[in-house]
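Taken together, the values in this text are just the output of simple stated rules run on the coordinates, not laboratory data. Just so it is clear, the structure is predicted and the values come from calculations on it, not from any experiment. Don't worry about glycine lacking a Cβ; one is built from the backbone with ideal geometry, like all the others, and counts go over all protein chains shown.
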Amino acid sequence: MNIEVTGTWSASDIVKHESRHHLASADGALTGRLDGERLVISAADGTAVAQADVLFRDGRLLVDNVSFQSARLDEPHLLAAVIDAALRGYPDCDRAFLPSAQKLWPVAALATEIAPDEPELSIVHRSVLRQLPLLWRRQASHTIYPELATAIGPQDRLPPLRPPRPCGAMYERWQPELGLSLSLRPIDRRRDLDLFHRWMNDGRVAFFWELAQSREELDKYLADQESDPHIFGVIASFDDEPVGYFEFYWAKEDRLGPYYEPLDYDRGWHGLIGNARHLGRAKTLAIFRSVTHYLFLDEPRTLRIVGEPRAAHQKMLSYCADVAYDKVKEFDFPHKRAALVCCERERFFREVPL
């Protein structure tokens, strides 16, 4: 399909942009190169796996003449990478216009609107694309559960039956502001115990986590976690270099549950940056954004991400504010004065740049 466009255009308007994209359907990063009006998505060996024309006219971003490498079975994922690359090239655009699903069938997996003045065009919103598990979240690591009742859990806050923790790589996303890729994987106490022990016994970490214990005690800590369906530990890495440890939990059955009115699919997390080489606001905010993004991607029924940092930890609260977490209230845990913070799905994907 050829999209008719009008408007002036000059050489000074030509965009050159390079990006990296991690498909949920495949290992390895793809490279997107937008040179003027031609976008090419390539594999590591330089093979073009998707191509498109990217046209910006009269304030509209148009993606046309899309083609894919033959015999690919993941065309919706490739189309998501094409749209992601186009939107990264034009960061002020909040949507992309594409041919209809009748002309380009993978569009049906991404578009949520038809252009009101041109019914042969479909619209993919940036805020919608960021919520679709076609990029970033590794499909092979996750098991989706239906909503099933269970008698296992706190009897006053019984949750739905929870899926097992992911297996293997969970999430990977390029951080353009850093020039690095951030990845998440479950902690493996047989492989990661020495790293976990070193981080937990670092004075900076121990001040907040209070887990400066022996290898044997920390091994038991992680082993106990393996039998608890409401929580699991995660290692975050920049370009495969371990950076920090995080715990993802279902809030309803967590210690936080009694202190507010939780929904069944509220998620929460605790975290630390153990690798001092990667301290600093830019990297910490990138991790905050990615962790929150992953938890929303992981379960589409999750509408809120919550947390309970120390109420006096102003630096942590400032990070929360920058990633669309609101401070709801302060309350007293047995071990600390805490702040309840909450991030709403709709606000996160509307306001937070990814």
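Quick notes on this structure:
- Unit Cα scatterers, Debye sum, segment 11-129: log10 I(q)/I(0) for q = 0.10, 0.21 Å⁻¹: -0.26, -1.21
- Segment 168-351: C-alpha pair distances exceeding 30 Å, %: 13 percent
- Take every DSSP beta bridge whose two residues both sit in the chain; close to 95 percent of them are antiparallel.
- Reachable lysines from LYS315, criterion Cα separation under 22 angstrom, eight or more residues apart if same chain: LYS283, LYS327, LYS329, LYS336
- Of all DSSP beta bridges in segment 245-328, antiparallel share, percent nearest 5: 75 percent
- Neighbour cut-off at most 16 other Cβ (10 Å), DSSP loop, trypsin sites (Lys or Arg not before Pro), segment 73-123: LYS103
- Choice from LEU34, LEU279, LEU182 with maximal GNM fluctuation in the chain (Cα, 10 Å cutoff): LEU279
- Those GluC sites (Glu not before Pro) in segment 115-211 that DSSP places in a loop and that have at most 11 other beta carbons within 10 Å: GLU147, GLU177, GLU210
- With distances taken between every two different alpha-carbon atoms, the chain has a Kirkwood hydrodynamic radius of 21.9 Å.
- Taking other residues whose beta carbon is less than 12 angstrom from the beta carbon of SER25, and scoring Lys, Arg as +1 and Asp, Glu as -1, yields 0.
- Computed [θ] at 222 nm, helices only, for the chain once each DSSP H run of length n ≥ 4 contributes -39500 (n - 2.57): -7000 deg cm²/dmol
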